[in-house]
1. Of everything in region 570-590 that's closer than 21 Å to His394 by Cα and open to solvent by 30 Å² or more (accessible area, probe 1.4 Å), which residue is modelled with the highest pLDDT?
2. Please state which one of Leu87, Leu94, Leu50, Leu103 is open to solvent by less than 70 Å² (accessible area, probe 1.4 Å) and at pLDDT below 85.
3. Within region 224-248, can you find the residues that are touching a Leu at 6+ places or on another chain (Cβ under 9 Å) and either part of a loop (DSSP other than H, G, I, E, B) or farther than 21 Å from Thr208 by Cβ (or both)?
4. Taking only pairs six or more apart or across chains, which ones have beta-carbon atoms under 7 Å, a first residue in region 224-238 that is farther than 16 Å from Leu285 by Cβ, and a second residue that is assigned to a loop (DSSP other than H, G, I, E, B) and open to solvent by less than 20 Å² (accessible area, probe 1.4 Å)?
5. Leu648 - would you say it is outside any helix (DSSP H, G or I), touching a Phe, Trp or Tyr at 6+ places or on another chain (Cβ under 7 Å), open to solvent by less than 60 Å² (accessible area, probe 1.4 Å) and modelled with pLDDT under 85?
6. Within region 499-545, restricting attention to residues that are at positive phi and surrounded by fewer than 13 Cβ atoms within 10 Å (Cβ to Cβ), which residue is modelled with the highest pLDDT?
7. Hey, can you tell me all the residues within region 395-414 that are farther than 17 Å from Glu353 by Cβ and open to solvent by 60 Å² or more (accessible area, probe 1.4 Å)?
8. Being of a type in the set (Val, Ile, Thr) and assigned to a loop (DSSP other than H, G, I, E, B) is the filter here, so list the residues in region 546-592 that pass it.
Amino acid sequence: MSSKLAKDQGNMSHQELLDKNRSLEAELQDLKMRLGEAEELRRAISEGDLDALIIPGPQEKLIFTLDSADRAYRVLVEAMNEGTATLASDGTILYCNRQFAELTKMSSGAVVGTSIYGFIAPEDAITFKALLKQKNSVGELKFRAQGGTSVPVYLSISSLQSEGSPSAWCLVVTDLTEQKKNEEIVAAERLARSIIEQAAEAIVVCDTTGRITYFSNTVSKVCKCDPAFKRFEDIIDIRLSEGEDAGKGILPVSSALKGATILGLEATLEHKSCQKFNQKLHLLLNSGPLRNSNGRIIGCVVTLTDITERKKMERELQESEEKYRNIVETANEGIWILDPEARITYVNQRMAEMLGYNHEEIIGRSAWDFTGDEGKEAAKQSMEKGKQRIDRDHELKLISKNGTPLWTIVSAKALFDKDGNFMGSMKMLTNITERKEAEVKLKQTLNNLEKLVQERTIELEKAYGSLKESERGLAEAQKMAHIGNWDRSLITNEVHWSDEVYRIFGFKPKEFGVTYSTYLNCVHPDDQDRVIKAAKQALEGKLSSIDYRIVLNNGEERVVHEEFKVVFDEKSNPVQLRGTVQDITERKKAEETLEKMDKIRIKEIHHRIKNNLQVICSLLSLEAERFSDEKMLETLKESQNRVASMALIHEELYKGDKNDTLDFAAYLRKLTADLFSSYNLGNDNISLKMDLEQVYLDMDTAIPLGIIVNELFSNSLKHAFPAGSEGEVHISLRRAETFDKGNNVSDSDQHCNEIDNFRYILRVADNGKGISKEIEIENADSLGLQLVNILVDQIDGCVELSRNCGTEFTIWFGDKEP
């Protein structure tokens with residue numbers, strides 16, 4: 001071999017020998033370096049500086065733990081309350097203590113050798129890598145255990161450097177679960193306290209000793225002192241306001257602590273130790289016990305609603321009704337009110353006197369019981385005309401209690417409710433018996449003209465005198481009732497007013513000759529065209545009536561009701577226009593007052609419903625504090641959002657100008673903003689796009705539709721976008737006629753699109769992961785989708801589901817716009 005080497009070397013050039021020599025020197029240097037590393041490894045193993053060895057194998061890395069590590073160090077680490085672990089430079093877990101393994105819900109043996117990134121929540125991976133780049137760092141993130149459960153932790157990281165770069169890291173992990181729960185409880189308690197403090201009603205929460213622990217700001221205003229930690233019944237004296245026990249004290253806290261409940265009790269408030277008041281407060285009292293999960297009473301809640309203004313308005317309304325009742329009772333005309341079956345529901349004193357009965361003998365009986373046989377058919381026809389809103393004066397013969405005939409002129413007014421349903425009629429009856437008797441006597445005189453000329457003359461004079469007396473009585477009656485009559489010749493254009501018409505228009509009776517232009521000058525300029533139009537309708541043979549304004553000489557405006565009737569000659573040519581005028585200014589004022597009070601009452605109802613629903617939301621929030629089960633908390637939160645969506649509708653109706661319709665587009669904007677805030681997903685990648693037309697819906701449609709949007713929008717926020725993913729939720733509300741049927745109607749919507757009576761289309765869509773194809777919307781198991789189906793049926797709507805690009809719900813429905 002030596003000879004061969006020598007031979008080979010003899011064949012090499014000098015340069016080749018130099019190169020080979022350098023290569024051998026490099027190999028020798030590499031062997032020395034590896035020998036040094038091996039010696040250092042031997043030293044580290046012998047001194048216990050290493051916990052494990054990672055040796056590349058033919059298939060994968062082999063990890064060997066060293067049982068000879070420092071035992072004292074291990075005992076200390078294993079006894080810690082925090083989890084600890086040692087990581088290799090690539091994130092492999094070389095060692096972990098028992099607490100760290102419990103956080104992962106795995107055994108220590110199963111954890112060692114796995115990557116730390118498998119236990120870091122995906123949304124916190126970037127944050128964790130940033131912490132590793134620092135020499136020593138701390139931070140909060142979510143730790144993912146086996147099974148996918150997430151645990152909030154506080155992480156402390158220290159790098160173990162070798163030659164300037166980290167070769168390993170030491171982790172200390174602290175479980176923050178209990179701390180986070182405590183923070184949520186404190187936040188919920190603060191929210192409940194804030195809701196109670198800001199409530200418009202006086203809300204008081206007492207402990208088992210009756211002392212006030214929580215209260216709304218209104219409570220201080222009610223009792224005029226600081227109620228904190230004082231006994232409720234020592235500072236607030238509540239007494240019954242009605243019935244035999246009026247003035248008797250009420251102890252709502254004591255009764256509630258014994259388990260009793262008080263709902264909607266009207267009472268008065270008197271003060272004991274606080275500032276005295278001359279006027280008592282009228283309140284609506286509610287109280288009841290607070291119980292813990294075991295049913296034990298731990299306190300009570302008392303709410304006090306100030307209804308002083310309402311009671312004042314009720315008294316004023318009662319006084320106003322009494323005033324107008326006195327006017328009716330003192331009228332010279334008989335007045336009665338009939339229901340749709342002609343039963344008498346009211347009769348004034350004059351009418352009872354005319355018939356000879358007392359009130360009890362008349363009320364409840366049929367008007368036909370007092371009508372002569374020959375007049376019943378005409379009276380029934382008059383009522384049928386009234387149902388058609390045609391009111392005409394007619395003569396009616398009644399039979400008094402003593403059997404004598406009572407002839408009357410009946411002025412009828414049909415009564416309808418706000419929906420146009422016939423509710424009966426009010427009739428004013430003027431006694432014309434004497435005139436009828438005079439007519440009978442006149443007829444008898446005419447039949448005996450040849451034999452009783454002198455008697456006929458005397459009778460005629462008597463009849464004339466009786467007629468004049470009747471006319472004077474009629475004029476007096478018109479004066480009392482503020483009703484006058486007039487006529488206008490269409491041939492000569494002459495106008496005749498009764499005395500009362502002069503008075504109504506602000507003139508003295510017979511002060512001057514009336515002309516048509518004089519009359520028009522008294523009519524308010526804005527109403528003149530309407531009056532002329534009504535007169536033209538009368539000339540066409542129609543009985544016309546109109547309410548309009550007149551302006552008196554002193555500038556005062558009055559409201560009158562006028563009815564027109566045209567008289568035709570034998571050739572059916574109009575020759576005369578007749579009518580009646582009634583001053584209805586006071587009645588109009590009363591109607592306006594009642595209308596305003598009705599609007600106030602409706603708004604108050606909306607306000608109270610909204611407050612009660614907010615209290616329910618607060619109670620649900622308080623109830624949620626008792627549970628730690630996530631499913632139960634989610635259910636309570638969904639119920640709270642549903643109640644909040646209904647409360648928002650009543651709040652919008654209370655604030656808006658309209659009592660019975662809601663700007664649903666504005667409502668949707670507030671609802672979605674509240675839901676975004678409620679769920680607080682922490683994911684800024686989710687955006688909301690809204691395409692809303694201004695649409696007004698009534699409450700019967702708005703409330704179910706609001707809950708539907710709440711369910712669908714909440715589902716999108718909770719389920720459509722996995723943690724950290726981007727996406728968009730799109731809500732649109734449009735009228736059907738402005739909807740692009742050619743481009744926007746999917747095949748799944750075709751069924752709903754073919755139904756013609758739908759006026760609006762609501763869509764809630766997201767581009768998330770999409771709802772499972774196994775879920776059938778008509779037979780869904782989830783409460784939310786079942787609720788959507790029920791509410792869509794309730795508003796007579798139609799719902800369709802599309803899964804083309806995410807999830808899209810389309811709801812077709814109808815409603816009445818104002």
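1. Thr580
2. Criteria check complete, one pass: Leu50.
3. Correct list: Asp237, Arg239, Leu240, Ser241, Ala246, Gly247, Lys248.
4. Filtered contacts from region 224-238: Lys224/Cys274; Cys225/Cys274; Arg231/Gly210.
5. In short, no.
6. Result: Lys510.
7. Passing the criteria: Glu395, Lys413.
8. Result: Ile584, single match.
The values are calculated or read from the model by the stated rules, or taken from the named source; none is laboratory data. Worth saying up front: this structure is predicted, and the values here are computed from it rather than measured. No Cβ is skipped: glycine too gets one built from the backbone with ideal geometry, and neighbour counts run over all protein chains shown. Keep in mind that these areas ignore ligands, DNA and RNA; they rest on the heavy atoms of the full protein, side chains included. Shrake-Rupley method; radii C 1.70, N 1.55, O 1.52, S 1.80 Å.
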